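Asker: Could you have a look at this structure, given as structure tokens, before my questions?
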Amino acid sequence: MAMRFLTIKAGALAALAAAMSAISAVPAMAQEWRVTPRPHTLNNGEIVCGLYSPRPDRSVGISVYDHSSDLIIKASSLVGIADGSDVVIRYPSGNSQRATFLKEATDADTAMIEIPSVADLNAMIDQFATPGDFSVAVLGGRPTAFRISQLPGASNEIATLRACMEELDLG
């Protein structure tokens, strides 16, 4: 099971970098979400659809593969947080949930959360439809909290993501 997490983590982080690179060529306003309009093939052969917040230094994104999905969070505040840390996430919608961080290393600034099912994926995607703040509170150990303020609503980009997901399922 540990090997599976390492493989998924490496794939998710590579997906974030590759997808951000692939969609960075698409012109965007300063505060718009980024979305892959069609499934994107990574260097390792995996195919991904993604929705990513507009800020590169503090970002949140969803990567969807044909076999799994992940919420990916990047912030300097994550350095020092251990793999397996329990967290509470609050979405722009105002809803919150408990989850467990998966990290490659304690000194990494990126963490991910596995999304266990398609139903959970669709519910999570909907949490970003309205504008608002995204925040994380790390429980236990070294308590840490941070916020990505004033994320724009992603309704239009969510429609594009869902079209990409449909194409991914057909591929």
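Asker: Just the residues that are under 20 Å from residue 150 (Cβ atoms) and in a strand (DSSP E or B), please, taken from segment 40-53.
Answerer: Narrowing segment 40-53 to residues under 20 Å from residue 150 (Cβ atoms): 51-53.
Residues satisfying the conditions are 51, 52.
Asker: Also, quick follow-up: With the structure loaded, tell me whether residue 77 is out of contact with any Asp or Glu (no Cβ under 7 Å at 6 or more places or on another chain), at pLDDT below 95, under 16 Å from residue 60 (Cα atoms) and not hydrophobic (A, V, I, L, M, F, W, C) or whether it fails that test. Spell out the reasoning first.
Answerer: Numbers: out of contact with any Asp or Glu (no Cβ under 7 Å at 6 or more places or on another chain): yes; at pLDDT below 95: yes; under 16 Å from residue 60 (Cα atoms): yes; not hydrophobic (A, V, I, L, M, F, W, C): yes.
Yes, satisfied.
Asker: Given (1) in a helix (DSSP H, G or I); (2) without any contact (Cβ under 8 Å) to a residue 60 or more places away in the chain, where does residue 165 come up short, assuming only one miss?
Answerer: (2)
Asker: Okay, moving on. Based on this model, can you work out whether residue 70 counts as open to solvent by 50 Å² or more (accessible area, probe 1.4 Å) and under 24 Å from residue 166 (Cα atoms)?
Answerer: For residue 70, the condition - open to solvent by 50 Å² or more (accessible area, probe 1.4 Å) and under 24 Å from residue 166 (Cα atoms) - is not met.
Asker: Return the pairs, sorted by first residue and then second, in which the second residue is of a type in the set (A, V, I, L, M, F, W, C) and open to solvent by 30 Å² or more (accessible area, probe 1.4 Å), the first residue lies in segment 77-89 and is more than 9 Å from residue 100 (Cβ to Cβ) and free of Cβ contacts under 8 Å to residues at least 60 places away in the same chain, the beta carbons are less than 6 Å apart, and the residues are 6+ apart or on different chains.
Answerer: 88/137
Asker: Continuing with this model, one more query. Could you check segment 83-112 and list, in sequence order, the residues that are surrounded by fewer than 16 Cβ atoms within 10 Å (Cβ to Cβ) and in a strand (DSSP E or B)?
Answerer: Scanning segment 83-112 gives 86, 88, 96, 97, 98, 100.
Asker: Select from segment 121-139 the residues that are over 21 Å from residue 150 (Cβ atoms) and in contact with a strand residue (DSSP E or B) (Cβ under 8 Å, 6 or more places away or on another chain) and write down the one among them that is surrounded by the fewest Cβ atoms within 10 Å (Cβ to Cβ). Write out each step before concluding.
Answerer: Our first condition is that a residue be over 21 Å from residue 150 (Cβ atoms); within segment 121-139, this holds for 121-123, 138-139.
Those still in the list that are in contact with a strand residue (DSSP E or B) (Cβ under 8 Å, 6 or more places away or on another chain) too: 121, 138-139.
Details: 121: 18, 138: 21, 139: 11.
Here the answer is 139.
Asker: Mind telling me which of the residues 37, 56 ends up being at pLDDT below 85, in a loop (DSSP other than H, G, I, E, B) and open to solvent by 50 Å² or more (accessible area, probe 1.4 Å)?
Answerer: 56
The values are calculated or read from the model by the stated rules, or taken from the named source; none is laboratory data. Keep in mind the model is a prediction, meaning the values are calculated, not measured. Note that we place each Cβ from the backbone using ideal geometry, even for glycine, and neighbour counts take in every protein chain shown. Ligands, DNA and RNA are excluded from the accessible area calculation, which covers all protein heavy atoms including side chains. Shrake-Rupley method; radii C 1.70, N 1.55, O 1.52, S 1.80 Å.
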